[in-house]
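Trainee: Dropping the structure in here first, questions after.
The values are calculated or read from the model by the stated rules, or taken from the named source; none is laboratory data. Please read all numbers here as calculations on a predicted model, not as lab measurements. Glycine gets a Cβ as well: all are built from the backbone with ideal geometry, and neighbour counts include every protein chain shown. What goes into the accessible areas is simple: the full protein's heavy atoms, side chains included, and nothing from ligands, DNA or RNA. Shrake-Rupley method; radii C 1.70, N 1.55, O 1.52, S 1.80 Å.
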Amino acid sequence: MTQKQMSAAVLHAPGDLRYQSVAMPELTEQRNVLVKVRATGICGSDIGRVLNFGTYNFPTVPGHEFAGEITDLLPEVTQFKVGDRVAIAPLMPCHQCSSCQRGNYSLCDNYDFLGSRSDGGFAEYVSVPEQNLIRLPDNVTYAEAALIEPAAILLHGIHKINLSLGDKVAVIGCGALGYFAIQFARLSGAEVIAIDVAQDKLDLAKQAGADVCINAADVDAVKEVLALTAGQGVDRVFECAGNNISRQTGLSVLRKQGTMLIFGSAHSDVSFPAANFEKILRHELHIVGSWNSYSVPFPGREWFEIVNLLGKRQLQMLPFVSHRFSLAEAPAVFARFKEKTIGSYNKILFEMKE
């Protein structure tokens, strides 16, 4: 019998993304639910994977920020049914290593991952494990649900620190993670200072709830923050930009015994001026790393809390979406990334027709 076909954007090698017909995924004991993808986001990591360093094997369908509708499932699936609207958590932990046994699924030693190690959401259909599904309230759109994954990464980090009512927080870098950092900080009752070098990002930061926005391309951000805090600095820094300048700025604006939560990855060697290093020691600063978005109960309370906030309309997602394309346009969109002709953008979605 000929296997059913579907359309997908398939990565054959770095820089070689093709929109083509491929076999539909089959259901297995491990991946027992078939989801028809309705919306998929482009993560910053997708750009690097597609254009430069590739996925873990080829060919692979990229995409790990996605949501859709269940169209088929195996009999052992009991918590969901055909027609359910769901978001998909892309991590597939081994559940056997010491990190998994402790419930630290983000730190799994032997994980699989949709969109980089296995076929992901740049496709009409994806087969996934039942445990990776999050049911969506009726008032949450697929476009909103496709942004749960980056929001969960941010919330996972916030759970690591003691963010309290009245804290002063600096968010450095107002991309996707910074956008959600501002909203979660405001929901926690914190005062938020947003810092970026792009005015359009700061405009969105203001819309997301930032009390003060500082364009570091125009003014000395450290001096501005210290002036706003009577020279004391902020209680918490969310470093979401991932470069040496942002990390140095974060350390410079922290108060004594303050905490810097680091999300931005390092793409080159990380260095600090001696004054920053001395401040870490003498002011007893806390630097906390945060990776991914998973916890107990799997896929994590972060995911369930965000869905709850979305259902109550307490979290904004769609203002951050700047572009929407069809999946067939995926190769052209990534070509624009390569040629740097995409222009200013925030979150880009591929959307499939109902």
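Trainee: Where in the stretch 68-173 are the strands (runs of 3 or more DSSP E), entirely inside, with at least 3 residues that are of a type outside the set (Phe, Trp, Tyr) and within 15 Å of the chain's Cα centre (by Cα)?
Mentor: Numbers: elements: 85-88, 125-128, 133-135, 168-172.
Those strands (runs of 3 or more DSSP E) do not exist here; none qualify.
Trainee: Please enumerate the residues belonging to the stretch 300-315 that are closer than 18 Å to Ala181 by Cβ, open to solvent by less than 60 Å² (accessible area, probe 1.4 Å) and in a helix (DSSP H, G or I).
Mentor: Glu302, Trp303, Ile306, Leu309, Leu310
Trainee: Kindly evaluate Val192 against the criterion of being part of a loop (DSSP other than H, G, I, E, B), open to solvent by less than 10 Å² (accessible area, probe 1.4 Å) and within 23 Å of Asn308 (Cβ to Cβ). First the steps, then the outcome.
Mentor: Working: part of a loop (DSSP other than H, G, I, E, B): no; open to solvent by less than 10 Å² (accessible area, probe 1.4 Å): yes; within 23 Å of Asn308 (Cβ to Cβ): yes.
Taking the combined requirement at face value, the residue does not satisfy it.
Trainee: Another one. For a quick check of your reading of the model, give me the residue pairs whose first member lies in the stretch 232-250 and is over 15 Å from Asp196 (Cβ atoms) and open to solvent by 10 Å² or more (accessible area, probe 1.4 Å), whose second is of a type in the set (Gly, Ala, Ser) and assigned to a loop (DSSP other than H, G, I, E, B), with beta-carbon atoms closer than 7 Å and at least 6 apart or on different chains.
Mentor: Correct list of pairs: Asn244/Ser271.
Trainee: Just checking, does the stretch 263-272 include any residue being in contact with a helix residue (DSSP H, G or I) (Cβ under 7 Å, 6 or more places away or on another chain), at pLDDT below 95 and closer than 24 Å to Ala190 by Cα? Write out each step before concluding.
Mentor: Restricting attention to the stretch 263-272, the residues satisfying the condition of being in contact with a helix residue (DSSP H, G or I) (Cβ under 7 Å, 6 or more places away or on another chain) are 263-264, 270-272.
Now restrict to residues that are at pLDDT below 95: 263-264, 270-272.
Subsequent filtering for residues that are closer than 24 Å to Ala190 by Cα retains 263-264.
Yes, the stretch 263-272 contains at least one residue that is in contact with a helix residue (DSSP H, G or I) (Cβ under 7 Å, 6 or more places away or on another chain), at pLDDT below 95 and closer than 24 Å to Ala190 by Cα.
Trainee: Just for the stretch 15-34: of the residues that are out of contact with any Asp or Glu (no Cβ under 7 Å at 6 or more places or on another chain) and part of a strand (DSSP E or B), which one is surrounded by the most Cβ atoms within 10 Å (Cβ to Cβ)?
Mentor: Ranking the qualifying residues of the stretch 15-34, first place goes to Leu17.
Trainee: Is one or more of the residues making up the stretch 316-330 part of a helix (DSSP H, G or I), under 19 Å from the mean Cα position of the chain (by Cα) and surrounded by 14 or more Cβ atoms within 10 Å (Cβ to Cβ)? Before you say what the answer is, go through the steps one by one.
Mentor: Initial filter on the stretch 316-330 (part of a helix (DSSP H, G or I)): 318-320, 327-330.
If we keep only those that are under 19 Å from the mean Cα position of the chain (by Cα) too, we end up with 318-320.
Next cut, surrounded by 14 or more Cβ atoms within 10 Å (Cβ to Cβ) only: 320.
Yes, the stretch 316-330 contains a residue that is part of a helix (DSSP H, G or I), under 19 Å from the mean Cα position of the chain (by Cα) and surrounded by 14 or more Cβ atoms within 10 Å (Cβ to Cβ).
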